[in-house]
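The block underneath contains the structure these notes are about, expressed in structure tokens.
The values are calculated or read from the model by the stated rules, or taken from the named source; none is laboratory data. All figures in this text were calculated on a predicted structure; none of them were measured in a lab. Note that we place each Cβ from the backbone using ideal geometry, even for glycine, and neighbour counts take in every protein chain shown. Side chains included, ligands, DNA and RNA excluded: accessible areas come from the protein's heavy atoms. Shrake-Rupley method; radii C 1.70, N 1.55, O 1.52, S 1.80 Å.
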Amino acid sequence: MRSDYDKIREDNIREYGEGTRHLSFLGHLYTDRTHFIFELLQNAEDAGASRIIFDLFEDRLEVSHNGRVFDEKDVRGVCGVGEGTKTEDLTQIGKFGIGFKSVYAYTNKPEIHSGDENFKIENYVRPYVAPQKTVGKDLTTLFVFPFNSEKITPKTACKEIGDRLLNLSDRTLLFLRNINEIEYRLPNTTRGEYLREGKSRGSAREITVIGENNDKYEEERWLIFSRPVTVPDKTKTVRVEISFRLETEEKNGIKSERVSRVKSSPLYVYFPTEKETRLGFLIQGPYRTTPSRDNIPSSDMWNTTLVRETAKLIRDVLPEIKDLGLLSVSFLEALPVRTDDFSDYTMLYPIYESVRNALIEEELLPADDGSFVSAKNAKLARGAELRNLLRQSQLKQLFQTSTTLKWLSGEIRENQTRDLYTYLIKELKVEEVDPESFARKLDHSFLSVQTDEWFVNFYKFLSVQEALWRAPRWKNDQFGILRTKPILRLESGVQEIPFKRDGITPKAYLPPDEETMFPVVKRFIVKDEHAVTFLKRLGLSEPDIYDNLVLSILPKYNELRERTISKVERQEDMRIIVHALASESASGKKRLIEAAKQTPFLYVTNPVGKTALKKPTEVYFNTPKLRRYFGNVQDVWFLHDEYTSYNIDIDILSEFGVSNLPRKMKVDDLPLEEREYSTRDEIIDNYDLHGLKQFLRVIEVSTNFDKQKSDAYLLWTFLQEYLERDPNFFRAKYQWFYHSQHERIKLVI
């Protein structure tokens, strides 16, 4: 039984008035006039239609579907404004009251034929009986929209609607539950079809949407998860949904499935809105929109509820994605990892926050070993070499924790997954381990428990990390940190640092063919070609005579008292030293001389007969001139007479620092009569000769003129020899500041 159109018309005239010009805005709700197509799809979906057909002619558009037939409530709804059967029903997609009115952009008198209802609408809200029309086989409802708008020509209308149908996209069907087929036919015989197929996959639905436009074929697969949400009056429930794009990729002839990030991700209210979410997946829900559906009010409480429920859904979905075998690096890139897009005051921030918290706490990040790890227990390696060198047990040892740590997947790389890489470090606080930070964490406790095989791989790794172990290039140059870390596994099984604090003097050696008393790297390790090549580049070599002196002979003089070293032993040590200095190794000689200058290995005596072991730089040759000069000064040390039997070249002892002249001694003060008034710190470069005051006193108190003359001549002989060695020997410098800088160069001594 058809509705009473006259009664409905009278009611609407009473409601909206005799004139309807004020309703003309209804035809201009959308910036895109063709958006009315989505409104028709919405109404067909709500009517339970599984199929909808768009037939475009040059003078009209006919739309038919197989959904529920119209009743009086529907007639009143489609003829009303904001009071249709679905106005406040959040379980329905469309709202007849306003949505349908968007057709008035192209037509003045739409017709509807459904069941017993056959009517046309004039002046937006006034139904009249229309001649019955055949709907079509297996179809229930027909809309006819003649192109009779005063502002748009039929030609323009036909072109705009045709373009929209051609570009409708297969995603139009994605979030629908009823419509599985959209078909369209254009006046030029072009036709197209969009299809939707679905099946269950765990708690999700796998949806395949297919589009065929004039022999052009497109297909997409999606995985949709949903969560029920109770509407405010608690009488019904609706759904929020998340949809991930599925792709099939092939590597080495093996096909696999993955989730891929979508480039455009508008928020869906069953169909796409104009609000971009900047997510790498799609979200959908019955959000309250502006009348033209071009925006989603973020302050609306219902919309806030839907976002919050979507945030809960995404956290629940992550473990399910993992169970489905889809939790890959590609999937992570689809998550909200671009931090700048989600500040804490944006509408979708709860979704961002929910994902972040889940990844920090739960084992949802792909690990390098094929398992999964939480962000709080994950490490990010800069380079595959580190991941191969340090496995799980070694990560625990290196970071000194009882918690199992894992490397993240090697597919996560700064140059290939930049956004994800940055997100992991800055937002999830995953520590990035690079070769330098690894080297700084190395210590004896870690290295001592590694196997010999590990050290072989360790040295291979270091061979391409020269900055970590390079030698100093000049004085005070910063050398590689590992030169003073115990990275050498010795034959004895202990860990040793390669060099002393200077970064040059070796503390261990490569093993020679024969047995040796020197500390050497474990022979098993140096059997590996790559390992021994690295150790040589590091600066290690087999021990030589200089190493014997520097590491074995000289150190005992620092550690033992003189009474424990016999004359015979001292004599043998000097023989070895002299023999070493006769070799052709310039670097070896230099190393030996530098070490000898700092070692108290010379047996000496003072003027009163006391003996000791002293450094060469503290010792004088035992000559009659120096004996006479120093007299009975007790802080002067001369070579012991035993050295006369060693046949040592005097030049050798001079190279060590033994002197045949009184030493020039720097002093840090000036007599008061020499000082100038200064308002800042002074710089004093002043000198004296060792023993000079005592010697001058001897000359002064002597009563023997010939002896005085002889002593003075001796002093001048010393000074003349110094002057021949250094023309500036007698010069001293004094700088001070009084209003401006002043300087005085003066002859001294």
(request) Please turn the phi angles of the range 642-659 into ³J(HN,Hα) values with the Karplus equation 6.51 cos²θ - 1.76 cosθ + 1.60 (θ = phi - 60°), one per residue in order, whole Hz, x for glycine and proline. (result) 5, 6, 5, 8, 8, 6, 8, 5, 4, 5, 5, 5, 5, 4, 6, x, 5, 10
(request) Tell me the label-point distance for the pair VAL667, ARG177, using the 7 Å Cα-to-Cβ offset, in nm and rounded to one decimal. (result) 10.5
(request) Step through the residues of the range 269-284 one at a time and calculate ³J(HN,Hα) from phi using the Karplus curve (6.51 cos²θ - 1.76 cosθ + 1.60, θ = phi - 60°), rounding each to whole Hz and writing x for Gly and Pro. (result) 10, 6, 10, x, 9, 8, 8, 7, 8, 6, 7, x, 9, 9, 10, 9
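Work through the residues other than ILE8 whose Cβ is under 9 Å from its Cβ and net out their charges, Lys, Arg +1 and Asp, Glu -1. Numbers along the way, then the final one.
Details: positive: LYS7, ARG9, ARG76, ARG126; negative: ASP4, ASP6, GLU10, ASP11, GLU72.
Residues near ILE8 contribute -1 overall.
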(request) Calculate, for the range 669-749, the solvent-accessible area per residue in square angstrom, rolling a 1.4 angstrom probe over the heavy atoms of the protein chains. (result) 72
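What is the gain in length, in nm to one decimal, between ASP369 and GLU219 on full extension, counting 0.36 nm per residue of separation less the C-alpha to C-alpha distance?
On the way: separation 150, 0.36 × 150 = 54.00 nm, distance 3.39 nm.
That works out to 50.6 nm of additional length.
Net charge within 9 Å of PRO472 by Cβ-Cβ distance, Lys/Arg positive one each and Asp/Glu negative one each, not counting PRO472 itself? List each step's numbers first, then the result.
Values: positive: ARG470, ARG473, LYS475, ARG483; negative: ASP477, ASP502.
Here the charged neighbours net out to +2.
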(message) I need the shape label for the range 297-345. Rule: rounded when a/c is under 1.5, else prolate if a/b > b/c, else oblate, with a, b, c from the alpha carbon gyration tensor.
(response) oblate
(request) Roll a 1.4 Å probe over the protein chains and send me the accessible area per residue for the range 443-499 in Å². (result) 47
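Can you give me the Kirkwood hydrodynamic radius for the range 668-749, using every pair of distinct Cα atoms, in Å to one decimal?
Working: mean 1/r = 0.0667 Å⁻¹.
Value: 15.0 Å, from the Cα pair sum.
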(request) Working from Cα positions, state the angle (0 to 90°, nearest 10) between the long axis of helix 529-538 and the longest principal axis of the chain. (result) 60
(request) Return the long-range amide H neighbours of ARG126 (sequence gap of 5 or more, or a different chain), with a cut-off of under 5 Å between placed amide H atoms. (result) none
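Taking DSSP loops as anything outside H, G, I, E and B, show the longest stretch in the chain free of chymotrypsin sites (Phe, Trp or Tyr not before Pro) there with at most 10 other beta carbons within 10 Å. Walk me through the numbers on the way to the answer.
Numbers: sites that count: TYR345, TRP474, TYR677.
The longest such stretch corresponds to 1-344.
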(message) Tell me the angle of helix 567-581 to the major Cα principal axis of the chain, expressed in degrees between 0 and 90 and rounded to the nearest ten.
(response) 60
(message) I need the phi-derived Karplus couplings for the range 62-75: 6.51 cos²θ - 1.76 cosθ + 1.60, θ = phi - 60°, integer Hz, Gly and Pro marked x.
(response) 10, 10, 10, 8, 10, x, 4, 6, 5, 10, 4, 4, 5, 4
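Determine, from the Cβ-Cβ distance of GLU542 and SER264 and an R0 of 51 Å, the FRET efficiency 1/(1 + (r/R0)^6), rounded to the nearest 0.05. Display every interim value, and only then the final one.
Values: r = 67 Å, r/R0 = 1.32.
Step by step, r from the Cβ atoms, then E = 0.15.
For the range 357-509, what percent of Cα pairs sit more than 28 Å apart?
The answer is 28 percent, as a whole percent.
At 1.4 Å probe size, with the rest of the protein present, what percent of the exposed accessible area of the chain is carbon and sulfur atoms? Before the final figure, lay out the partial values.
Numbers: 17590 of 37630 Å².
For the chain, the apolar C and S fraction of the accessible surface comes to 47 percent.
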(message) Once R0 is set to 41 Å, what does the formula 1/(1 + (r/R0)^6) return for the Cβ-Cβ distance between GLN397 and ILE652, expressed as a FRET efficiency to the nearest 0.05?
(response) 0.20
(request) Would you mind working out the accessible area per residue for the range 243-297, using a 1.4 Å probe, and quoting it in Å²? (result) 46
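Would you list VAL526, VAL636 from the most to the least accessible area, probe 1.4 Å? Mind showing how you got there, number by number?
Numbers: VAL526 30, VAL636 0 Å².
Accessible-area ranking of VAL526, VAL636, largest first: VAL526, VAL636.
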(request) Could you list which residues have their amide H under 5 Å from that of VAL619, counting only those 5 or more apart in sequence or on another chain, with H placed in the peptide plane? (result) SER659
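Please compute the length gained on full extension between ILE593 and PHE524, using 0.36 nm multiplied by the number of residues separating them and subtracting their Cα-Cα distance. Numbers along the way, then the final one.
On the way: separation 69, 0.36 × 69 = 24.84 nm, distance 3.44 nm.
My answer for the length gained is 21.4 nm.
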(request) Mind running the shape call on the range 192-255? Use the C-alpha gyration tensor, a ≥ b ≥ c as the square roots of the eigenvalues: rounded below 1.5 for a/c, prolate if a/b tops b/c, oblate otherwise. (result) oblate
(message) Heavy atoms only, 1.4 Å probe, whole protein assembly: order THR140, THR237 by accessible area, highest first.
(response) THR237, THR140
(request) Can you send over the solvent-accessible area of ILE314, 1.4 Å probe, protein chains only, in Å² to the nearest 10? (result) 0
(message) Give me, ordered by chain and number, the residues 5 or more places off PHE601 or on other chains with an amide H under 5 Å from its own placed amide H.
(response) LYS614
(message) For P(r) over Cα pairs in 10 Å bins from 0, in percent, pick the label among (i) 2, 10, 13, 12, 10, 9, 8, 7, 7, 7, 6, 5, 3, 1, 0, 0; (ii) 3, 11, 18, 22, 19, 12, 8, 4, 2, 0, 0; (iii) 2, 11, 18, 22, 22, 14, 7, 2, 1, 0, 0 that corresponds to the value derived from the coordinates.
(response) (i)
(request) Using R₀ = 22 Å, calculate the FRET efficiency as 1/(1 + (r/R₀)^6) where r is the Cβ-Cβ separation of ASP32 and ASP4; round to 0.05. (result) 0.05
(message) So if I take the centroid of the Cα atoms in the range 363-425 and the same for the range 583-636, what is the distance between those two points in Å?
(response) 60
(message) Would the range 136-293 count as rounded, prolate or oblate if I go by the C-alpha gyration tensor, calling it rounded below 1.5 in a/c and otherwise prolate when a/b exceeds b/c, oblate otherwise?
(response) oblate
(message) At 7 Å along Cα-to-Cβ for each site, give me the label-to-label distance between ASN704 and ARG382 in nm.
(response) 7.8
(request) Rounded to the nearest 10 degrees, what's the angle between the helix 705-725 long axis and the longest principal axis of the chain, both from Cα atoms, 0 to 90? (result) 30
(message) Around TYR128, under 15 Å between beta carbons, what's the net of Lys plus Arg minus Asp minus Glu among the other residues?
(response) +1
